[in-house]
Structures are given as C-alpha cells and as structure tokens.
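The values are calculated or read from the model by the stated rules, or taken from the named source; none is laboratory data. Note that this is a predicted model, so its numbers are computed, not measured. Note that each Cβ is placed from the backbone with ideal geometry, even for glycine, and that neighbours are counted across all protein chains shown. To get the accessible areas, we keep the full protein, side chains included, count just its heavy atoms, and leave off ligands, DNA and RNA. Shrake-Rupley method; radii C 1.70, N 1.55, O 1.52, S 1.80 Å.
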Amino acid sequence: MTSDATEPARTTEQALALAADALRRRQHPDGYWQGDCRASLIGESGEVVLRHYLRIPPDHATRAAARTILAEQTSTGGWASHHGGPDQLLVSVFCYVALRLAGHHPDEPELRAAATAVRDLGGVEALDNPLMLAWLAMIGLWPWRDIPLLPPELLLLPPDAPGSIYHLGAAGRGVLVANSLLMARRSVVPAGFDIRELHAHPTRRPHRPRALRVATALSHGFARHPVRPLRRRAVRKAAQYLLRTQERDGGWGGNWPQTANALIGLDAAGLPAHHPVRTRALAALDEYVVHHDGQRHVDLWIPVVMDTALALSATTMAAATTAAGPDAKATEAAVRWLVDNEITEPGDWAVLTPDPAPGGWPFVFANNTNPDADDTAFVVAALRRAHPRGTDPAVDAACRRAVAWLVSQQCDDGGWAAFEPLRWRLPGRDRLAGIGLLEAPSADVTGHVLEALGADGQADTPAARRAIAWLRRHQHADGSWPGWWACHHLHGTSAAVTGLTACGVPGHDPAIARACAWITAHQQDDGGWGEDIRALQDPAWIGRGTSTPSQTSWALLALIAAGHADTEPVRAGVDFLTRTQQDDGDWAEPQHTWIVYRDGLTYRDSLLRLLYSVMALSAHRTATEGRQP
C-alpha cells in the first residue's frame, strides 16, 4: 500500500533510504539482481502451440496455461498486448487457439466472446506477420500457400552479400534460420479442429500488398522446384548453425522465443525427440516458467544483466548521498558478478566486424553469441560508478575491452543499434523492424553508449563526437527523440540528454534546452510522467499516459543532468515519487513500458520501477545538496 495521505509525507531522504533498502534486499546471494519480466500472453499461448507441435500430450502445464489465459481475458472478449490496452488481434488469436488445444469448446461463453472479438478486429485473415502465421500453419490452421517462404538457401549466401542472415538483427537471425527449416519442409501436426469462427469474411482471400503477393508466389515456385543438391546443403548448414549457436544453458539467444523457434526448426530438420540437444532445450524453456498469484506465466526472457547493471548504478548513487557510504560487500558482489560474466569470445557480431575484439555483455544469463551495446553501456557506466579508472585492475580491463567492442559496433552514420551495426541494403527495412528481424540505430541506445563513454573518460573521442552529431541530426523538431527499446519519446529523450551531458554538452546547449522543454511540457497534472505504449502506433499518445514511477524517473534524470534540479517541475516529480511510494519501499507499476518489437510484443520488468526511482531520488539529492557523485 502507498503511504496514507493523512500521515506526514516522507521526505526525499526517507523515501530514498526506504527504496535503497528494498533494492538491497532483492539482491541475489551471488551478487546479481533479477526482476520478473511480464510480457503479453503470447508466451503462455505460444507454449501450448509449441508443445502440440512437438507432440507433447496436454498435461498440467497446458491446463495451467489455459487458466492463466482465461483469467486475463478482457471484458470485451479478447486479450490485450499490454496492461490496460485494447484487444489485440495477434494475441487474441493465439490465446483462442491455445484454449482450443487445451480442450475448450468453441461454444463456451468465453470462447464465443473471444471469437466475436477477433472478428471485430478484422478476423484472423487480417494477421500479416508471416512468422506468426507459420506457427498457425504448422498445426494446420493456416494454409502454407499464403505465407512467403524463407528458403534455407539464404545460408549459402556470402556473409557480406545483400540479404545474408548477417545483415539482419541478431535477435531475428536465429528465428529466421529456424523458420527456413520449418518452411523447407512445411511440417504440419494437425490441431484436430479448424478456426472458421475466427474469420470475419470466410469466403474472401486475405488482402496482401501486391509486393508481398508476388514474393509469396515466387517463394512457393522456388520451393516446388529447388536445386536438390543445393537444398540439401542449405538444410544441413541451417541445422548446423542452430546446433553451433546453442548456449550453455541449452537455449538460444537467452530467450524463450528464439529457443522455441530453434526447437521447431530442428524438429522439421529431423532431429530425433530423444536427442540431447532437444532435451537440453526443453529444460531451458522450463527456466522461463514462473508462478505468481496462483497463475503460471512464461517470462520470455530474464534481463539479469540489465537489472544488475542498473541496480549497481542505483545502489552506488544512493550510497553517495549518505554519510554511511556504500555497502561494500553487496557492491563488490555485483561488480564481480558482472566482470565474471563479460563475454570474451567472438560471436555472430564478429563475422562482418573488421579485426573483431571480444568484449561486452548480453541482456540475459546466456547469450555468448550476441552481446549488445545497450547492456554493455549499462554495465560500463555501473562499473565506473563503483570503480573509477585506476581503482580496480579487473574493472579497468573489462571496461577497456567493452569500450573497444562498443566502438567496433558503431554504425556508419555515428549512432548505435543494440546488437550490430545496421547493414541491411534491401527494401522492407521498416516492416522487418516491426516484426523484430531488423533494428536501426536509436537515440536511447546511442545515449546510453555516450553515458558509458563519458563515465569511462572517453567523452572527447572520435566515436563520442560522431554519436553526439548523430543525436543532433536526429532530434525531432519538437525537441524529443523516439526510443527503440522502451516507450517511447520519454525514454529516447531522457537517454539522449543524459548521454549528451555525460560527454560534456552543457545544459544550455540548444538541443538539450529543446529536449528539456519537451519533457516539462509533457508533465502530468499529478507531477509525474507517463507515455502509453500505444504511442508506438498512434502519435496522439506520444508523451501522454498514466504517470509511472519509472517514466517519471527517466524524465527527472534528464532534467537533473541538464541542470534543472532546483526547479518546480523537478520538485513536483520528486514529490510524485515520494507520495506514491509503498510502505515496503517499492512502487506499483502494472504498465508495460519496454518494447521488443513494434507489432505488439512489449513487457514490464518488476525491478525497473524501483531502481530507476532510486537513481532519480539519488541524483536529485546529489544535485541539490552539493554532494560529490
């Protein structure tokens, strides 16, 4: 519960102490922090579809998934992709299919309402995500003829050729390879029912853009007449790629979707059910299952590195505001865990990187194939807060490797994408980005890398100067920057401002002044800030939404970094945080504020509301009381 309005309001110092203590209690004995990572029900429903395709009989897991799905059905019959949002077509279709696979009958009131909701959204025929349609096709609920096929022959292209898998985003690469194996065979494990009731226009073919129809026809023509020796070689190479990139935890990419797709692809390629690779992968998928409030959930990823790096920054910042100083044992446990988990071996990123030098961190426990710039930046900034240059040889060595790797992954135009430089040279960039197969440089990642470079004493290097110029060029006319990995303009603008100021750009610089004006103009009446996830599709929502503690903290961190700590908007934001804090030191934040891809896969991390609030309150105390950061 939040503090009672009749009780004396907490001071900033009291709120910070309470929150910092709550954060310390959540640290794992091994030194890391890990929040719950709740996405839409695409995980719970996808798990039921996956288990059916892998011929795993329905059991308690299937029944538990069905109960969770029914418990989260909206009053309008469908399922939303984010907290408080409207029914979303893709999630609603998959939840309905999962319930049918779990044994529910279409005449049940809940399923009748769901079918009506799907038809009101345009029907299943309005789905236009080819990879998700392939999941319906593999259980006989969608015709393969309507899906553009990814030929495994893509694996035979030279790595630097246009259209090569190494020109795609790291997260999408393994999914594409797995789907090429599925589509080469076009396997079907029939669901045992049809979904005619989900069609808004049962007799009408789905409308697809002409270019997509042509691509679909050509891909099927090629699939009917492959050059068989090449096809066999391509299938073998695709399967070998998946086997080679399986991580030490048995999964792929450190996440549920990529692991599930890899299992499907290897099954289509003929890997036996009892093969150790499949056994380890299924065990890895079980690690994403959590039970909360009597429900069984599938957390699609475990962002332990991001959580740990940001929590280390938060606890170090909080300690700098008190006479007691940091909790050395807890701080050093986090530092050592991060240093020990740096990736020092080459992965996919090295294929097209001249003179690759390994370094950096992934988002999750196990993804040695693809560290990412965003989390590497979080870690470098956190390590430097705990150990400035020259105070710890192991930290110095880790940061030196990480910064060299970050510079090697800078895009040609000066910005940074999360995983690898943007190399795509064929049409369809926006659409590929929308379904998670591609990413471009973004303000939030570029800002975070600048913050890391500033923390490591690299603020006046060519890489930093190019990134500063990139942010100047990409600032919107209204003063904001859109983000990529969190919602949306609030996150992008906050990261850009904190990155620029960390590299010495003063608060009175016109770019920062315009950004701060945009932030203050979008403050809510309650003193907080919030931006609804619908801002991704609807510009009317940009900068608008229910105030949340994490988004309020993003805004405060930017304004404080720009020198506005002693202003009314910042005081009102700090007051929002102290007023809405719960008695246990945490805050409530059910909203989804983080983004995976633009087509509706968003999530919330239960730890971020706490650690960002600690960072904002600490920054405010440091700025207003003249303490040394």
Selected residue (criterion: nearest to Ser606 (Cα to Cα)) from residues of segment 264-300 that are open to solvent by 50 Å² or more (accessible area, probe 1.4 Å) and in a strand (DSSP E or B) | His292
Taking segment 392-419 and the residues there that are modelled with pLDDT under 95 and more than 14 Å from Ile343 (Cβ to Cβ), the one that is nearest to the chain's Cα centre (by Cα) would be Ala418
Among (1) over 12 Å from Cys487 (Cβ atoms); (2) open to solvent by 10 Å² or more (accessible area, probe 1.4 Å); (3) outside any loop (DSSP other than H, G, I, E, B) - the single one Ser553 does not satisfy = (2)
Failed condition for Thr331, given (1) at pLDDT 95 or above; (2) open to solvent by less than 50 Å² (accessible area, probe 1.4 Å) = (1)
Taking into account only those residues within segment 143-185 that are outside any loop (DSSP other than H, G, I, E, B) and more than 28 Å from the chain's Cα centre (by Cα), which is farthest from Glu110 (Cα to Cα)?
-> Leu156
Filter segment 150-161 for residues that are out of contact with any Phe, Trp or Tyr (no Cβ under 8 Å at 6 or more places or on another chain) and in contact (Cβ under 8 Å) with a residue 12 or more places away in the chain; the one that is least open to solvent (accessible area, probe 1.4 Å) is Pro152
Is there a residue in segment 229-243 that is loosely packed, with under 12 Cβ neighbours inside 10 Å and either assigned to a helix (DSSP H, G or I) or modelled with pLDDT under 95 (or both)?
-> yes
Look through Leu101, Leu111, Leu70, Leu50 and report the one residue that is out of contact with any Leu (no Cβ under 9 Å at 6 or more places or on another chain), at pLDDT 95 or above and hydrophobic (A, V, I, L, M, F, W, C).
-> Leu101
Which one of the conditions (1) under 20 Å from Ala394 (Cα atoms); (2) in contact (Cβ under 8 Å) with a residue 12 or more places away in the chain; (3) in a helix (DSSP H, G or I); (4) open to solvent by 30 Å² or more (accessible area, probe 1.4 Å) does Met317 fail to meet, given that it meets all the rest?
-> (1)
Among the residues of segment 95-140, write down those that are in contact with a Lys or Arg (Cβ under 9 Å, 6 or more places away or on another chain) and not small (Gly, Ala, Ser).
-> Leu101, Pro106, Leu111, Glu125, Asp128, Met138
Here is a list of conditions, (1) more than 30 Å from Gly251 (Cα to Cα); (2) open to solvent by 50 Å² or more (accessible area, probe 1.4 Å); (3) not in a helix (DSSP H, G or I), and Val188 meets all of them except one; can you say which number that is?
-> (1)
Among the residues of segment 195-228, how many are surrounded by 13 or more Cβ atoms within 10 Å (Cβ to Cβ) and in a loop (DSSP other than H, G, I, E, B)?
-> 7
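This table checks each residue for (1) open to solvent by less than 20 Å² (accessible area, probe 1.4 Å); (2) hydroxyl-bearing (Ser, Thr, Tyr); (3) farther than 15 Å from Ala555 by Cβ; (4) more than 23 Å from the chain's Cα centre (by Cα).
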{"residue": "Arg466", "(1), (2), (3), (4)": "no, no, yes, yes"}
{"residue": "Gly492", "(1), (2), (3), (4)": "yes, no, no, no"}
{"residue": "Ile519", "(1), (2), (3), (4)": "yes, no, no, yes"}
{"residue": "Gln524", "(1), (2), (3), (4)": "no, no, no, yes"}
{"residue": "Ala535", "(1), (2), (3), (4)": "yes, no, no, no"}
Contacts under 7 angstrom Cβ, first residue in segment 508-537 being over 26 Å from Ser81 (Cβ atoms), partner open to solvent by 10 Å² or more (accessible area, probe 1.4 Å) and of a type in the set (Lys, Arg), 6 or more apart = Ala511/Arg472
Scanning segment 561-573 for residues that are more than 18 Å from Thr546 (Cβ to Cβ) and either open to solvent by less than 10 Å² (accessible area, probe 1.4 Å) or outside any helix (DSSP H, G or I) (or both) gives Ala562, Gly563, His564, Ala565, Asp566, Thr567, Val570
In segment 574-589, what residues are open to solvent by 50 Å² or more (accessible area, probe 1.4 Å) and not in a helix (DSSP H, G or I)?
-> Asp583, Asp584, Ala588
Mind checking which helices (runs of 4 or more DSSP H) fall wholly inside segment 326-442 and carry at least 1 residues that are without any contact (Cβ under 8 Å) to a residue 12 or more places away in the chain?
-> 328-340, 393-408, 429-434
